[in-house]
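Trainee: Quick one: this structure, given as structure tokens, is what I'll be asking you about.
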Amino acid sequence: MKNLSGLHVILGGLGFDRMCELAKIAEDGGASAIQLREKLRSTGEALEIADELRKIVNRAAFIINDRADIAFAVGADGVHLGQDDLPIADARKLLGENAIIGVSTSNIEQALEAEHAGANYLGFGHMFPTRSKEKLSEPKTVEERL
């Protein structure tokens, strides 16, 4: 499994050429992980982008957000799952024991559950407002991280 410590770059919501350009900059610049996060594109479009990014991202871990099927199809290093996505165990069956599986969490209970289910890393938050997707909860404070 690739080392995830360091800069984790999340790409999404941009034009195809710009995402490829930024992936190359992140790969060449030493990012430890590059994640494709496409919430609004069709499966076909997301697959096309993921396939092209897979050709660019070799040294860094290449992670697909939400879609274990696309991660499998392009040979990504792993998947980042939300609370309503495929269960960790099913993603592990599809992607294999060496796949990186991350999980988004919003509270300590979700974090502990994901850890117990075998997640390799956790996302906790959100810490800041975002325009990249609709958030139903307010940003978390630093104290809530602990």
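Values quoted throughout were computed directly from the atomic coordinates according to the rules given, and no laboratory measurement underlies them. In this text the structure is predicted, and so the values were computed from the model without any measurement.
Trainee: How long is the gain from Leu94 to Glu109 if the chain were fully straight, where each residue apart is worth 0.36 nm and the alpha carbon distance is subtracted?
Mentor: Here the answer is 2.9 nm.
Trainee: Amide H neighbours of Gly123 under 5 Å, counting only residues 5+ apart in sequence or on other chains, H built in-plane at 1.01 Å?
Mentor: Val103, Ser104, Thr105
Trainee: Which ³J(HN,Hα) values in Hz, rounded to whole numbers, follow from the phi angles of the stretch 62-67 under the Karplus curve 6.51 cos²θ - 1.76 cosθ + 1.60, where θ = phi - 60° and Gly and Pro get x?
Mentor: Working through the residues one at a time gives 9, 10, 9, 7, 6, 10 Hz.
Trainee: So, one more: Below 8 Å between Cα atoms, with a sequence gap of 6+, how large is the relative contact order for the chain in percent?
Mentor: Once normalised by length, the contact order is 16 percent.
Trainee: Once amide H atoms are placed 1.01 Å from N in the peptide plane, what residues at a sequence separation of 5 or more from Gly78, or on another chain, have their amide H within under 5 Å of its amide H?
Mentor: Amide H neighbours of Gly78, under 5 Å, 5+ apart: Phe62, Ile64, Ile100.
Trainee: Of the lysine pairs in the stretch 8-145, how many meet both conditions: Cα atoms under 22 Å apart, and a spacing of 8 or more in sequence or different chains?
Mentor: Total qualifying Lys-Lys pairs in the stretch 8-145 comes to 6.
Trainee: Search the structure for amide H atoms under 5 Å from the amide H of Gln35, placed 1.01 Å from N in the peptide plane, and list their residues when 5 or more places away or on another chain.
Mentor: For Gln35, the qualifying residues are Val9, Ile10, Leu11, Ile63.
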